[in-house]
1. Any idea which of (1) aliphatic (A, V, I, L, M); (2) touching a strand residue (DSSP E or B) at 6+ places or on another chain (Cβ under 8 Å); (3) at pLDDT 95 or above is the one Leu35 doesn't satisfy?
2. Here's a check for you: in the stretch 88-132, which residue that is among the polar types (S, T, N, Q) and in contact with a strand residue (DSSP E or B) (Cβ under 6 Å, 6 or more places away or on another chain) is nearest to Leu60 (Cα to Cα)?
3. Please pick out the residue among Thr96, Thr75 that is polar (S, T, N, Q) and over 18 Å from Ala26 (Cβ atoms).
4. Return the total of residues in the stretch 53-72 being surrounded by fewer than 18 Cβ atoms within 10 Å (Cβ to Cβ), assigned to a helix (DSSP H, G or I) and not basic (Lys, Arg).
5. Taking the options Leu101, Leu125, name whichever one is farther than 20 Å from Ala26 by Cβ, touching a Lys or Arg at 6+ places or on another chain (Cβ under 9 Å) and surrounded by 18 or more Cβ atoms within 10 Å (Cβ to Cβ).
6. Test Arg92 against the criterion of being exposed (fewer than 14 other Cβ atoms within 10 Å of the Cβ) and either of a type outside the set (Gly, Ala, Ser) or under 11 Å from the mean Cα position of the chain (by Cα) (or both), and give yes or no.
7. Does Ile130 meet the test of being over 14 Å from the mean Cα position of the chain (by Cα) and in contact (Cβ under 8 Å) with a residue 24 or more places away in the chain?
8. Considering only the stretch 47-93, state which residues are closer than 17 Å to Tyr118 by Cβ and among the aromatic types (Phe, Trp, Tyr).
Amino acid sequence: MHRRAFLISSAACLMPLGASAYPAIAFAPQTWRDLRETDQTVILNFRASWSLTCQIKAELIADLLAENPAYRALTFVDVDWDTFGPSQMTKRMNVTRRSTLVVMKGGDELARIENEPYAPKIRALLDTAIAA
């Protein structure tokens, strides 16, 4: 292996995985209880740090936030799938897989997409959230 290729691949391995490319709150049960009692529109992003689909989706969300400043009014909450995937909350919400985005307002679900890392689908979801 060439030295340059080795150094580049080594550096890529050291980069943090799963870091949000957009402003998001890390999910915690108390934070979620507090957010449900507000009038905020919340986007729950069920994601895994090791998932390429989840990473692509995060980058698309960041691009859409840069494209449309109105989306910045939304509250994004990253739900770590490895920690909360088997939780009671995901069972009650019927979230069966990572890479799921759920729009919530006042404890009610308004929209959802699963495993769809496509800008038009995510844009439509964010438009639904803004209209709420």
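1. (3)
2. Only one residue tops the list, namely Thr100.
3. Working: Thr75 fails: over 18 Å from Ala26 (Cβ atoms).
On inspection, the qualifying residue turns out to be Thr96.
4. So the first thing to find is which residues in the stretch 53-72 are surrounded by fewer than 18 Cβ atoms within 10 Å (Cβ to Cβ), and the list is 53, 56, 59, 62-64, 66-70, 72.
Next, from what is left, pick out any that are assigned to a helix (DSSP H, G or I): 53, 56, 59, 62-64, 66-67, 69-70, 72.
If we keep only those that are not basic (Lys, Arg) as well, we get 53, 56, 59, 62-64, 66-67, 69-70.
Residues meeting the conditions: 10.
5. Working: Leu101 fails: farther than 20 Å from Ala26 by Cβ.
One residue alone meets the criteria, Leu125.
6. Details: exposed (fewer than 14 other Cβ atoms within 10 Å of the Cβ): yes; either of a type outside the set (Gly, Ala, Ser) or under 11 Å from the mean Cα position of the chain (by Cα) (or both): yes.
Judged against the criteria, Arg92 is a match.
7. Working: over 14 Å from the mean Cα position of the chain (by Cα): yes; in contact (Cβ under 8 Å) with a residue 24 or more places away in the chain: yes.
Answer is yes for this residue.
8. Selection gives Tyr71 alone.
The values are calculated or read from the model by the stated rules, or taken from the named source; none is laboratory data. What you see is a predicted model; the values in this text were computed from it and never measured. A quick note on method: Cβ atoms are made from the backbone with ideal geometry, for glycine too, and the neighbour counts reach across all protein chains shown.
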